[in-house]
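Student: One structure follows; several queries about it will come next.
The values are calculated or read from the model by the stated rules, or taken from the named source; none is laboratory data. Predicted model, so just to flag it, every value in this text is computed and none were measured. Here the Cβ is made from the backbone with ideal geometry for all residues, glycine too, and neighbour counts use every protein chain on show. Ligands, DNA and RNA are stripped out before the accessible areas are found, and what is left, the full protein with its side chains, is counted by its heavy atoms. Shrake-Rupley method; radii C 1.70, N 1.55, O 1.52, S 1.80 Å.
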Amino acid sequence: MKLISKTLLGITLGLSVASAGAAENIALLVANTAYTHATRAPASKQIANSKSALEQAGYSVTIKYNLDHADLRQTLQDFAAKANNADRVIFAFTGHILHDEHQTYLAPVDLNAPNAASIGLDGFPLAPILAISAQHAGGAGVFLGSHFEKSSTFGRWRYGFHGAPGLSAGLGGDDIPQGVLVVTGRTQDLSNALRQEFLRPGQDIKTAVDKTAAQIQASGYISRFNSLAVASDGDQAVSPLKPIVNSELIRSYWETASESDTIESYLAFLNRFPLSIYEDRARARLKHLNAEALKSPEERAEQALELSRNQRRDIQKNLTLLGFNTRGVDGIFGPGSRGAIKEWQQAKGYNVSGFLSVGQITALGNQARAFANHQAQEAARVAAETRREDQAFWQLTGAHGGIEDLQVYLKKYPKGIYAQQARTNLANLQEEQAQIDKRDELRYWQTVQRENLPESYRDYLRLYPEGRFRDAAQDALDKSQMSDAQKRQLAQAQSRERALNMSTGSWKMVERRLDKLGLRPGEADGKVTSKTRRALKAYQHQRKLNATGYLDQDTLSNMILRSIFK
């Protein structure tokens, strides 16, 4: 008898164990007959007969016809959910069945031109169905009826798909889980065997298989201690639905099963006494043994080490240090950690298993420590070399340099040994230079004022475009270019503005109003600058007022009124 495969076990353990006390037996019958791209496989009558027999035998039966890939998947998901609360389960499929070198696939009715490369996507694997059945060990049957057609040209049976490279008809070499019966044959023979023998009340599976051996092929768990038929009312010994009292006989059987401590012994006990007080312990031990049977020697060896979470965390740190991504350092060996272990084992020439031995853990630790020491030594060497270069560059630039030298040093070593000293020296030098620049500008401006010539004002604006006296220079230059009439108009505008006796606060309000209108008068600080004049002149021009750039009563009144009514 084959043990359940690792992949199948992962699916199986993800499903909940059926309740032993559930009173329902369920069956799913799928008849795929109307294939789009293969020969038709008529089986409606046989399926209907099987449905009737199952219902008479006490099964809740679901029957589906002509399922494509999506419908077949959904139907099996529903079946898996319903099977959680069942005692016995039967799955029967009639239609085209294919297998490659790895596993068996059921053919949906929309399967088209299957081959070894496409069958994994387009066919439906048998493995999930076996996984569902494995949760009902001793009470699960999988019946697979296939169809062939007679070739008139060659006089022999030919499968329904015309050419399927890399594929063969029928059941492949799938691992059948413990406690699951798999029966194959032609649909008519399969239907007859199911109705006449496997559902016969009180008849065990072994006897049913023996009676139908000439018509069908059976594999998997075949036992005289289990049956797919619901026992008659008087047959309490084989009925899983009849509570069994805690008798001396049960205790004796339990002790025998416990002493054997094998998958077969616990299955036999559960088949004979499914509702005893030992049921939970038997099922728990059975689940553990199934899982343990599939563990590799490397996994069992690592498990025996009983690594603590801190020890696992140290292993993850070492792998990460060496460049193998564990996807976290949490002390839990998940897929990321197992993948990192495999990569490390491959890089070191070990057998790639994803599990660590004592020797490998020691080797990993030694490698990580050696790498860490090398990294520390390299870091120290680089730091010393950088320090020497830093000191040499400081002597060349910042130690006795000016503003430009200090800036060059800070650009290359913003976090250097002398960075803070360089910033302090630079700030002091820049402040000194700023004071010198202010004194030079003031002296130059005083000279310009004494000369009071347009050329002098232009020279000042060219040398100091953002200077402190820029507005005064621009005003003086503008005034020097005015005619006598313009000068009189300017004087009158200035006189009208002085007559308003505007305070600093009033000018701030004017500037804020101009700024709100998007005329950019500069900062609203109450200080009248050339920007203020230009903004004011633009405002007067827009409102068709006397555009002088100086405030007068008309302009002020216009501003006040518009701010109130707008």
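Residues checked against (1) surrounded by fewer than 20 Cβ atoms within 10 Å (Cβ to Cβ); (2) touching a residue at least 24 places away in the same chain (Cβ under 8 Å):
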| position | (1), (2) |
| --- | --- |
| 53 | yes, yes |
| 60 | yes, yes |
| 67 | no, yes |
| 74 | yes, no |
| 84 | yes, yes |
| 108 | no, yes |
| 127 | no, yes |
| 132 | no, yes |
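Student: Any chance you could count how many residues in the stretch 76-106 are in contact with a strand residue (DSSP E or B) (Cβ under 9 Å, 6 or more places away or on another chain), under 18 Å from residue 140 (Cα atoms) and of a type outside the set (Asp, Glu)?
Tutor: Matching residues across the stretch 76-106 total 13.
Student: Just name the residue that is farthest from residue 467 (Cα to Cα) out of those in the stretch 547-566 that are in contact with a Lys or Arg (Cβ under 9 Å, 6 or more places away or on another chain) and in a loop (DSSP other than H, G, I, E, B).
Tutor: Residue satisfying both the conditions and the ranking: 552.
Student: Quick test for you: out of 354, 336, 359, 349, pick the one residue that is crowded, with 17+ Cβ neighbours inside 10 Å and farther than 15 Å from residue 317 by Cα.
Tutor: Working: 336 fails: farther than 15 Å from residue 317 by Cα; 359 fails: crowded, with 17+ Cβ neighbours inside 10 Å; 349 fails: crowded, with 17+ Cβ neighbours inside 10 Å.
Of the residues listed, the single one that is crowded, with 17+ Cβ neighbours inside 10 Å and farther than 15 Å from residue 317 by Cα is 354.
Student: Here's something else I'd like to know. If a residue must be assigned to a loop (DSSP other than H, G, I, E, B) and of a type in the set (Lys, Arg), how many such residues does the stretch 182-234 contain? Steps first, please.
Tutor: So the first thing to find is which residues in the stretch 182-234 are assigned to a loop (DSSP other than H, G, I, E, B), and the list is 199-204, 212-216, 221-234.
Still in the running and of a type in the set (Lys, Arg): 200, 224.
Final tally of qualifying residues: 2.
Student: Kindly provide the set of residues from the stretch 339-357 that are outside any helix (DSSP H, G or I) and aliphatic (A, V, I, L, M), ordered by number. Talk me through it step by step, then tell me what you get.
Tutor: Just the residues of the stretch 339-357 that are outside any helix (DSSP H, G or I), to begin with: 349-357.
Hits for the stretch 339-357 are 352, 356.
Student: Got a sec? Which of 298, 259 is in contact with a Ser or Thr (Cβ under 6 Å, 6 or more places away or on another chain), open to solvent by 50 Å² or more (accessible area, probe 1.4 Å) and assigned to a helix (DSSP H, G or I)?
Tutor: Values: 259 fails: in contact with a Ser or Thr (Cβ under 6 Å, 6 or more places away or on another chain).
After ruling out the rest, the residue left standing is 298.
Student: Given the criteria farther than 19 Å from residue 169 by Cβ, modelled with pLDDT of 85 or more and touching a helix residue (DSSP H, G or I) at 6+ places or on another chain (Cβ under 8 Å), does residue 98 qualify?
Tutor: Values: farther than 19 Å from residue 169 by Cβ: no; modelled with pLDDT of 85 or more: yes; touching a helix residue (DSSP H, G or I) at 6+ places or on another chain (Cβ under 8 Å): yes.
Criteria not met by residue 98.
Student: How many residues are surrounded by fewer than 24 Cβ atoms within 10 Å (Cβ to Cβ) and either among the hydroxyl-bearing types (Ser, Thr, Tyr) or in contact with a Leu (Cβ under 9 Å, 6 or more places away or on another chain) (or both) when one looks only at the stretch 92-103?
Tutor: We begin by selecting, within the stretch 92-103, every residue surrounded by fewer than 24 Cβ atoms within 10 Å (Cβ to Cβ); these are 99-103.
Okay, now just the ones that are also either among the hydroxyl-bearing types (Ser, Thr, Tyr) or in contact with a Leu (Cβ under 9 Å, 6 or more places away or on another chain) (or both), so 99-100, 103.
Number satisfying all stated conditions: 3.
Student: Let me ask you something else. Please work out which one of (1) without any contact (Cβ under 8 Å) to a residue 40 or more places away in the chain; (2) open to solvent by less than 40 Å² (accessible area, probe 1.4 Å); (3) closer than 30 Å to residue 291 by Cβ is the condition residue 118 fails and give its number.
Tutor: Residue 118 satisfies every listed condition except (3).
Student: Mind listing just one residue for me: the one in the stretch 262-295 that is among the aliphatic types (A, V, I, L, M) and outside any helix (DSSP H, G or I) and, of those, nearest to the chain's Cα centre (by Cα)?
Tutor: Of the stretch 262-295, the ones among the aliphatic types (A, V, I, L, M) are 263, 267-268, 270, 275, 277, 282, 284, 286, 289, 291, 293-294.
Cutting the leftovers down to outside any helix (DSSP H, G or I) gives us 275, 277, 294.
Working: 275: 43, 277: 44, 294: 29 Å.
Filtering the stretch 262-295 for residues that are among the aliphatic types (A, V, I, L, M) and outside any helix (DSSP H, G or I), the one nearest to the chain's Cα centre (by Cα) comes out as 294.
Student: Something else about it: Please go through the stretch 303-323 and give me each residue that is surrounded by 15 or more Cβ atoms within 10 Å (Cβ to Cβ) and among the polar types (S, T, N, Q), ordered by number.
Tutor: 316, 318, 320
Student: Right, here's the next one. Identify the single condition in (1) surrounded by fewer than 14 Cβ atoms within 10 Å (Cβ to Cβ); (2) more than 30 Å from residue 466 (Cα to Cα); (3) modelled with pLDDT of 90 or more that residue 433 does not satisfy, given that it satisfies every other one.
Tutor: Residue 433 satisfies all of (1) surrounded by fewer than 14 Cβ atoms within 10 Å (Cβ to Cβ); (2) more than 30 Å from residue 466 (Cα to Cα); (3) modelled with pLDDT of 90 or more except (2).
Student: Right, something else. Quick one: is residue 331 in contact with a Lys or Arg (Cβ under 7 Å, 6 or more places away or on another chain) and part of a helix (DSSP H, G or I)? Don't jump to the end; show me each part of the working.
Tutor: Numbers: in contact with a Lys or Arg (Cβ under 7 Å, 6 or more places away or on another chain): yes; part of a helix (DSSP H, G or I): no.
Considered against the rule, which asks whether it is in contact with a Lys or Arg (Cβ under 7 Å, 6 or more places away or on another chain) and part of a helix (DSSP H, G or I), residue 331 comes out as no.
Student: So, one more: For the subset of the stretch 504-525 comprising residues that are among the charged types (D, E, K, R) and in contact with a Pro (Cβ under 7 Å, 6 or more places away or on another chain), which member is least open to solvent (accessible area, probe 1.4 Å)?
Tutor: Here is the first cut: in the stretch 504-525, the ones among the charged types (D, E, K, R) are 508, 511-513, 515-516, 520, 523, 525.
Of the ones still in play, those that are also in contact with a Pro (Cβ under 7 Å, 6 or more places away or on another chain) are 511, 515.
Values: 511: 1, 515: 90 Å².
Result: 511.
Student: From the list 193, 213, 208, pick out the single residue that is closer than 26 Å to residue 263 by Cβ and surrounded by 19 or more Cβ atoms within 10 Å (Cβ to Cβ). If you could, list the steps in order and put the result at the bottom.
Tutor: Details: 193 fails: closer than 26 Å to residue 263 by Cβ; 213 fails: surrounded by 19 or more Cβ atoms within 10 Å (Cβ to Cβ).
Only one candidate passes the filter, namely 208.
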